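The values are calculated or read from the model by the stated rules, or taken from the named source; none is laboratory data. Please read all numbers here as calculations on a predicted model, not as lab measurements. Here the Cβ is made from the backbone with ideal geometry for all residues, glycine too, and neighbour counts use every protein chain on show. Areas reflect the complete protein model, heavy atoms only, side chains present, ligands, DNA and RNA absent. Shrake-Rupley method; radii C 1.70, N 1.55, O 1.52, S 1.80 Å.
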Amino acid sequence: MSQAELAGLMLTVALFAAAIGAAFGVVLARQRSARADGCRSLREAYSRWLAARWALNRASVSFVAAFRALAAERPDSPNHALREQEAQRVRARWCQAMDELDNAEAAICVLENDRPAAGMPRPDADELRVVIHGDAAAFESFRERLRREDSLAEEHVRAMLMAQARGPSWFRLAVRGVTSFLQRIVDQWAR
């Protein structure tokens, strides 16, 4: 082989290696961009969920306070109609907050297949009814429980976002890829 042929062969190999390197770089850049978009979407979904959770807890406290005030008001009092209007307005806000929390949880389920409400119950209508008809200590206990749940929700969001920022390990990604490949084969055999 002459020196010109050898130089041409080396140049061809170098160009081929550069093309493979560039393709690999493009793939990595796309993966990094997709991951950044996913992290951003998940961060937004979790912040919406946390805000909806806070709004629901505040609406629940307002709901109980408004209906306790309505129950304490005499029906022939001039303020009774105003208390009744306030209670209905607060009830509507509570229903809206519940819908917002449902939507925020659904967005997280779509993005991450995670149920952020696991272990964090919401105040439901039966619980609100019990607190409305309970004493002042029950109301304070209810408010304190909601504050604790707000703190737990914040910790949950921080933990999920930190885990998302770290991302899955290469081993986990490889196992997930092999598992999905095998699952497709099994699904095709099952047909």
**Request:** Take the residues in region 140-165 that are polar (S, T, N, Q) and out of contact with any Cys (no Cβ under 9 Å at 6 or more places or on another chain), then tell me which one is farthest from I108 (Cα to Cα).
**Result:** S141
**Item:** region 55-109: number of residues that are touching a residue at least 60 places away in the same chain (Cβ under 8 Å) and under 20 Å from the mean Cα position of the chain (by Cα)
**Value:** 4
**Prompt:** Does W54 fit the bill of being open to solvent by 80 Å² or more (accessible area, probe 1.4 Å), modelled with pLDDT of 90 or more and either closer than 20 Å to L161 by Cβ or not basic (K, R) (or both)?
**Reply:** yes
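Might you check whether a residue that is more than 21 Å from G134 (Cβ to Cβ), part of a helix (DSSP H, G or I) and open to solvent by 30 Å² or more (accessible area, probe 1.4 Å) occurs anywhere in region 60-73? Reasoning before the result, please.
First pass over region 60-73, keeping only residues more than 21 Å from G134 (Cβ to Cβ): none.
No, there is no match, as no residue in region 60-73 is more than 21 Å from G134 (Cβ to Cβ), part of a helix (DSSP H, G or I) and open to solvent by 30 Å² or more (accessible area, probe 1.4 Å).
For region 78-191, give me every one of the helices (runs of 4 or more DSSP H) that falls completely inside it and has 3 or more residues that are surrounded by 12 or more Cβ atoms within 10 Å (Cβ to Cβ) and modelled with pLDDT under 85.
Working: elements: 80-112, 125-133, 136-166, 170-190.
Correct list: 80-112, 136-166.
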